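A short worksheet on the structure shown next.
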Amino acid sequence: MWRSCLRLRDGGRRLLNRPRSGLTASEGLEPKPPTPIRAYVPPAERKRFYQNVNISQGEGGFEINLDHRKLRTPQGKLFTLPSEALAIAVATEWDSQQDTIKMYTMHLTTLCNTSLDNPTQRDKDQLIRAAVKFLDTDTVCYRVEEPETLVELQRNEWDPVISWAERRYGVEIGSSSSITGPSIPARTQEVLVSHLASYNMWALQGIEFVVTQLKSLVLTLGLTDLHLTVEQAVLLSRLEEEYQIQKWGNIEWAHDYELQELRARTAAGTLFVHLCSESTAVKHKLLQG
């Protein structure tokens with residue numbers, strides 16, 4: 001299934017190691033005024049001010065400690081996480097920072113800040129509806145009418161994913177080349193709303209984050225159900241763009257920069273979903289000493 005996608009990927013394009021900034025939350029060690037209706041923006045880079053990172057268990061969950069200072073959210077809340085596995089992953093983000101702290105590379109920390117502070121003040125139902133709404137404009141459901149080579153590529157690569165989702169959830173999704181997009185049955189939306197309702201609020205923040213990156217609920221479901229890898233989902237979400245690049249060429253650094261960024265954000269969001277659904281405590285602490 002992935003032969004065509006992999007051919008598009010191949011060609012010697014190297015990946016840059018530096019992700020670019022995006023919609024991220026800032027770290028907070030000191031309380032800051034709440035921002036209930038504005039999204040977080042990344043702060044300027046700052047010098048690393050701590051030596052050691054470790055985690056500890058408090059009354060409300062697992063906490064991140066930078067030396068002897070407890071991490072806090074941008075709104076000043078104690079940075080408390082629901083699972084030890086997630087705390088270890090976040091601690092690793094902080095420990096991997098070098099001379100400067102680059103918050104725009106710390107996607108797990110950003111998602112945790114968003115879950116704790118909920119700056120847009122959305123409830124569970126609103127998060128679910130926002131994710132399901134992407135079905136109306138889902139990347140894999142919109143098809144071109146020409147050229148024939150791209151039509152065939154979309155059919156060969158996207159149809160199997162849609163067919164999997166239809167079998168997995170017992171729904172009808174389909175595709176369309178109409179400018180108005182596919183007509184998604186009401187029952188399909190109801191079934192997917194019910195499925196997403198089985199996730200907790202933290203996991204839903206991650207799901208919506210991934211949906212936004214890929215512009216596709218279908219691909220996101222493939223990721224969360226382990227039907228797709230991150231690399232596969234990203235390539236599928238960029239199928240038409242990769243086709244155009246193969247045909248017309250590209251500005252190498254810009255393409256690689258964007259691709260690396262999308263992979264990093266998608267991988268972080270997917271990991272976040274799984275870690276927020278993790279119920280088994282990790283038996284050892286990270287980064288002691």
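The values are calculated or read from the model by the stated rules, or taken from the named source; none is laboratory data. Everything numeric in this text was worked out from a predicted model, so none of it was measured. Using ideal geometry, Cβ is built from the backbone for each residue, glycine included, and neighbour counts are taken over all protein chains shown. Ligands, DNA and RNA are excluded from the accessible area calculation, which covers all protein heavy atoms including side chains. Shrake-Rupley method; radii C 1.70, N 1.55, O 1.52, S 1.80 Å.
Miscellaneous remarks
- Restricted to helices (runs of 4 or more DSSP H) entirely inside segment 70-151, those with at least 1 residues that are farther than 28 Å from A233 by Cα are 84-95, 107-117.
- Meets criteria (open to solvent by 10 Å² or more (accessible area, probe 1.4 Å) and under 22 Å from the mean Cα position of the chain (by Cα)) for N54: no
- Taking segment 91-116 as the range and being farther than 15 Å from A203 by Cα, open to solvent by less than 10 Å² (accessible area, probe 1.4 Å) and in contact with a strand residue (DSSP E or B) (Cβ under 9 Å, 6 or more places away or on another chain) as the test, the residues that pass are A91, W94, I101, M103.
- Pair list, Cβ under 8 Å, 6 or more apart: segment 189-201 residue in a helix (DSSP H, G or I), other residue open to solvent by 40 Å² or more (accessible area, probe 1.4 Å): V191/G170; V193/R129; M201/K124
- A single entry from L6, L16 fulfils the requirement of being in a loop (DSSP other than H, G, I, E, B), modelled with pLDDT under 50 and among the aliphatic types (A, V, I, L, M): L16.
- Flag not set for G76, criterion: surrounded by fewer than 19 Cβ atoms within 10 Å (Cβ to Cβ) and modelled with pLDDT under 95.
- Number of residues in segment 248-279 that are modelled with pLDDT under 80 and open to solvent by 70 Å² or more (accessible area, probe 1.4 Å): the value is 6.
- Matching residues, segment 152-174, being touching a helix residue (DSSP H, G or I) at 6+ places or on another chain (Cβ under 9 Å), open to solvent by less than 60 Å² (accessible area, probe 1.4 Å) and either modelled with pLDDT under 95 or assigned to a helix (DSSP H, G or I) (or both): L153, Q154, E157, W158, D159, V161, I162, W164, A165, E166, Y169, G174
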